[in-house]
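Encoded as structure tokens, the structure appears first; notes follow it.
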Amino acid sequence: MTEAKPVVVCTWSESQGEFPVGAEEALTLGRKVANALGTRLHWLVLGTLPETGMETAGRFGADGVDQIEDAALEAFSADVYLNALAGYCRQESPMLVVFSQSVETRLVAPRLAGRLEAGVLMNGVDIVAGDDGGLQATASAYGGDTQVVYELSGAACYVFALAANALQAEPAEGGPTQPGCRSISSDLGGVEDRIRVVEEARTEGPRLEDADVIVSGGRGLGGPENYGLIERLAEALGGLAGASRPLVDEGWVDSSQQVGLTGKITRPALYLAAGISGASQHMAGCSAAKTIVAINKDPDAAIFRYARFGIVGDCLEILPELIQAAKQ
Ligand SMILES: Cc1cc2nc3c(=O)[nH]c(=O)nc-3n(C[C@H](O)[C@H](O)[C@H](O)COP(=O)(O)OP(=O)(O)OC[C@H]3O[C@@H](n4cnc5c(N)ncnc54)[C@H](O)[C@@H]3O)c2cc1C
């Protein structure tokens with residue numbers, strides 16, 4: 001009897017040895033699919049395995065950890081990573097390769113699918129097994145306005161990029177596994193890097209993605225001179241200041257402060273939105289917050305559908321009072 005093809009979760013770290021962002025969520029999904037299909041789950045790590053890697057692999061139910069360590073993988077290069085991955089997939093024939101979606105995996109996942117003649121789905125939210133044993137994958141579409149369910153059939157392999165915050169990481173039921181670790185060799189010498197970084201994104205200081213408290217302002221602030229209210233409240237609460245996209249487009253704030261589908265995907269304990277309507281593209285970046293507080297003068301604003309606490313009123317009057325209260 002031929003062995004069922006494995007499910008592979010592929011990750012790499014932004015800086016070598018660091019725990020890869022989204023790995024636990026991707027492993028959670030990979031485990032679920034592997035269980036449903038009665039097959040093995042492998043975690044493929046490109047570059048250095050993080051210190052807690054084997055423990056994490058066991059906790060999330062991986063049957064094996066495969067590692068490709070090569071000097072060429074030390075810094076991200078779409079072409080080099082793609083070659084390493086394509087070589088591995090040709091050797092191991094996975095039925096599903098799961099990535100955690102990021103700027104880098106956006107560059108690699110579709111090209112990997114092209115090389116393998118695999119089906120590819122980006123902005124993935126979930127995969128479930130149907131009664132007939134087939135897989136159904138859900139992905140968000142139209143800038144996050146809707147979700148589409150796809151039947152995965154007709155290809156020998158699928159590449160799936162799981163969107164940030166799409167699901168909660170959950171350790172495998174039934175306790176940890178004891179995965180083995182294989183070192184996989186890959187010939188990466190002479191792979192030409194066809195994408196060159198001309199300017200690094202600014203990354204100094206704390207990141208919105210890691211913040212516990214975020215205070216964000218939207219067009220309801222009326223003008224750039226009022227954005228200081230957002231910054232002062234964020235500071236008083238020990239958090240960071242964010243913004244909706246129009247504020248970035250208008251040049252009021254730096255693009256690193258944009259929350260949303262085309263900005264930062266955040267998961268704070270508290271997200272306070274002032275003068276933000278609650279468009280789906282904005283909410284894609286903050287709806288995973290534990291508590292959303294909204295200030296909007298329109299009682300029918302969409303943001304109130306997401307908010308745990310809503311204040312109907314003028315944010316230019318309410319924000320100074322909140323700043324004073326937070327300072328006390
Ligand atoms: C492909 C695509 C990607 C996008 N990506 C993003 C993204 O990443 N992030 C993002 O934010 N947007 C994104 N957008 C834009 C998004 O659709 C909305 O246009 C945007 O989020 C609206 O920003 P806003 O809520 O600040 O402004 P508006 O929609 O103009 O809302 C302003 C709100 O402020 C309220 N208000 C006005 N005055 C006051 C006051 N004095 N006090 C209190 N409330 C007041 C109004 O009632 C209104 O609800 C994207 C759009 C597309 C098509």
(request) In nm, give the distance between the simple-model label positions of Ala75 and Gln324, each being 7 Å from the Cα along the Cα-to-Cβ direction. (result) 5.3 nm
(request) Quick one: angle between helix 103-116 and the longest Cα principal axis of the chain, in degrees between 0 and 90, rounded to 10, please. (result) 30 degrees
(message) Leaving out ligands and nucleic acids, and using a 1.4 Å probe, what accessible area per residue does the range 208-327 come to in Å²?
(response) 47 Å²
(request) Treat each spin label as a single point 7 Å out from the Cα along the C-beta direction, and report the Asp193 to Arg308 distance in nm. (result) 4.4 nm
(message) With a cap of 14 neighbouring Cβ atoms within 10 Å, and only residues DSSP puts in a loop, list the GluC sites (Glu not before Pro) found in the range 218-306.
(response) Glu250
(message) On a straight-distance basis, which aspartates and glutamates could pair with Lys290 in a cross-link, Cα separation under 20 angstrom, same-chain partners fewer than 8 positions away excluded?
(response) Glu24, Glu25, Glu170, Glu209, Asp210, Asp212, Glu235
(message) Using the basic label-point model (7 angstrom from Cα toward the beta carbon), what is the Ser93 to Thr146 distance in nanometres?
(response) 3.8 nm
(message) Per DSSP helix of 4 or more residues, -39500 (n - 2.57); summed, then divided by the residues of the chain. What does that give at 222 nm, rounded to the nearest 500?
(response) -7500 deg cm²/dmol
(request) Using only Cα atoms, find the angle between the long axis of helix 78-92 and the longest principal axis of the chain, and express it within 0 to 90 degrees, rounded to the nearest 10. (result) 40 degrees
(request) Give the shape of the range 170-280 as rounded, prolate or oblate, defined through the alpha-carbon gyration tensor: a ≥ b ≥ c are the square roots of its eigenvalues, a/c under 1.5 means rounded, and otherwise the shape is prolate if a/b is larger than b/c and oblate if not. (result) oblate
(message) How tilted is helix 315-327 with respect to the longest principal axis of the chain? Cα atoms for both, answer in degrees (0 to 90, nearest 10).
(response) 80 degrees
(request) Using only the Cα atoms of the range 7-183, build the gyration tensor, take square roots of its eigenvalues as a ≥ b ≥ c, and label the shape rounded, prolate or oblate: rounded if a/c is under 1.5, else prolate if a/b is larger than b/c, else oblate. (result) rounded
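The values are calculated or read from the model by the stated rules, or taken from the named source; none is laboratory data. Model, not experiment: these values are computed from the prediction. Note: ideal-geometry Cβ built from the backbone for every residue, glycine included; neighbour counts use all protein chains shown. Keep in mind that these areas ignore ligands, DNA and RNA; they rest on the heavy atoms of the full protein, side chains included. Shrake-Rupley method; radii C 1.70, N 1.55, O 1.52, S 1.80 Å.
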